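Right, one structure below, let's go through it.
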Amino acid sequence: MAFDELKKDLKEADDDIRSYLENSEAYYKLRIFKALMRAVTSFTHVIVVGAIAFLAIFLLSLALAYSIGNALESTYIGLAIVGGFYVIVAILCYVFRKRFDRPLFRKFSKYYFE
């Protein structure tokens with residue numbers, strides 16, 4: 001009799017463990033799906049907005065370069081001035097790149113550990 005009860009308890013424990021593992025697996029699949037979808041949608045937003053912003057900055061830079069060139073009576077000098085400005089911006093971004101990393105780490109760790 002005691003052996004049958006022990007066998008029944010072990011069978012129930014085995015069923016509970018299997019149920020727990022199946023539910024845990026489903027939970028982690030959903031969690032991974034959520035994280036991946038956040039990453040994909042964020043990446044898509046960045047690409048779309050970045051492409052539009054790039055085109056706008058490109059066209060505005062050309063307009064600025066031509067207007068500077070007309071003021072100085074040399075289109076080449078206008079283009080060189082605007083190009084030099086972007087070189088300076090690129091150097092500053094490189095020098096201060098660690099300051100850009102910290103906010104990104106904070107933002108993405110917030111999403112990851114939620």
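How large is log10 I(q)/I(0) at q = 0.19 Å⁻¹ when the Debye formula is applied to the Cα atoms of region 65-112, each weighted equally and without solvent? The computed values of log10 I(q)/I(0) come out as -0.65. The distance between label points at Ala26 and Glu73 comes to 8.0 nm (points 7 Å beyond Cα on the Cα→Cβ vector).
Only lysine pairs 8 or more places apart, or on different chains, with alpha-carbon atoms under 29 angstrom apart are counted in the chain, and they number 8. Charging the Cβ of each Asp and Glu at -1 and of each Lys and Arg at +1, and nothing else, the dipole of the chain about its Cα centre rounds to 660 debye. Counted residue by residue at 0.36 nm each, then reduced by the alpha carbon distance between them, the extension gain from Ile57 to Ala90 reaches 10.4 nm. Label-to-label distance, Ile17 versus Glu5, with points set 7 angstrom from Cα along the beta-carbon direction: 2.2 nm. With only Cα atoms counted, region 22-70 has Rg and Dmax values of 21.0, 71 Å.
For the chain, the mean residue ellipticity at 222 nm estimated from helices alone is -34500 deg cm²/dmol, where every DSSP H run of n ≥ 4 contributes -39500 (n - 2.57) and the total is divided by all residues, rounded to the nearest 500.
Residue by residue, region 37-43 carries 3J(HN,Hα) couplings of 5, 4, 5, 5, 5, 5, 4 Hz when phi is fed to the Karplus relation 6.51 cos²θ - 1.76 cosθ + 1.60 (θ = phi - 60°); x denotes Gly or Pro. For Rg and Dmax of the Cα atoms in Å, the value computed from the atomic coordinates appears in the list (1) 16.6, 53; (2) 23.6, 80; (3) 29.5, 106 under label (3). The mean sequence distance of close C-alpha pairs (under 8 Å, at least 6 residues apart), as a share of the length of the chain, puts its relative contact order at 15 percent.
FYI, it's all coordinate maths here, none of it is from the lab. Note that this is a predicted model, so its numbers are computed, not measured. Note: ideal-geometry Cβ built from the backbone for every residue, glycine included; neighbour counts use all protein chains shown.
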